[in-house]
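One structure is given below, encoded as structure tokens.
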């Protein structure tokens, strides 16, 4: 089901997290306290919208890796109904896609709820004070629309925040597959 991001209020503080990566190492918000900005991306392995931008997302990280921007991806899908999104499959996805950033598993789905994540992919960029400055799409590319994957929208926001400039508040919602909530665990905003 095509789902838009919730467009969490700009200025919202970054919710805390402490989640395991694909190697079982716990990664937390506090691990990035010295970073000038933090990007939290909700993705999963099987979503065609994520698969569509996979190479571009890996390239985006390689391009920004030396800027100081911290980046993590989080998968919150229910693996009982979507076993292809399990931590073991996530580890394979890191290898397959060339992701250089931590890919974390949100088994309880509480982190996704705290961020009001709704779809995959869903992007949340926080400034050095960990206040939300961008939420929305990677770019205008979608499966089948013939628009190249560039990450243009997110790149503009990252460049602005790293340069200490205001991020344009005219932001487009991301679109993708809905997060696969456990039965009875659906958030009220979904």
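Applying the selection to the range 157-181, what residues are surrounded by 13 or more Cβ atoms within 10 Å (Cβ to Cβ) and more than 16 Å from the chain's Cα centre (by Cα)?
Of everything in the range 157-181, those that are surrounded by 13 or more Cβ atoms within 10 Å (Cβ to Cβ) and more than 16 Å from the chain's Cα centre (by Cα) turn out to be 159, 160, 161, 162, 167, 181.
In this structure, residue 35 does not satisfy being in contact with a strand residue (DSSP E or B) (Cβ under 6 Å, 6 or more places away or on another chain) and within 13 Å of residue 122 (Cβ to Cβ).
Here's the yes/no breakdown for (1) without any contact (Cβ under 8 Å) to a residue 60 or more places away in the chain; (2) in contact with a strand residue (DSSP E or B) (Cβ under 8 Å, 6 or more places away or on another chain); (3) within 15 Å of residue 14 (Cβ to Cβ):
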| position | (1), (2), (3) |
| --- | --- |
| 69 | no, yes, yes |
| 74 | yes, yes, yes |
| 80 | no, no, no |
| 87 | no, yes, no |
| 97 | yes, no, no |
| 100 | yes, no, no |
| 103 | no, yes, no |
| 106 | no, yes, yes |
| 113 | no, no, yes |
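In summary, no strands (runs of 3 or more DSSP E) completely within the range 1-99 bear 3 or more residues that are at pLDDT below 95 and either crowded, with 18+ Cβ neighbours inside 10 Å or more than 14 Å from the chain's Cα centre (by Cα) (or both). So, in the range 108-154, exactly how many residues are part of a loop (DSSP other than H, G, I, E, B) and surrounded by 17 or more Cβ atoms within 10 Å (Cβ to Cβ)? The number of residues fulfilling the criteria is 14. Only one of the numbered conditions (1) touching a helix residue (DSSP H, G or I) at 6+ places or on another chain (Cβ under 7 Å); (2) within 18 Å of residue 39 (Cα to Cα) is not met by residue 143, and that is (2). Note on the range 173-190: residues that are touching a helix residue (DSSP H, G or I) at 6+ places or on another chain (Cβ under 8 Å), within 22 Å of residue 58 (Cβ to Cβ) and part of a loop (DSSP other than H, G, I, E, B) amount to 1.
The values are calculated or read from the model by the stated rules, or taken from the named source; none is laboratory data. None of the values given here were measured: they were computed from a predicted structure. Note that each Cβ is placed from the backbone with ideal geometry, even for glycine, and that neighbours are counted across all protein chains shown.
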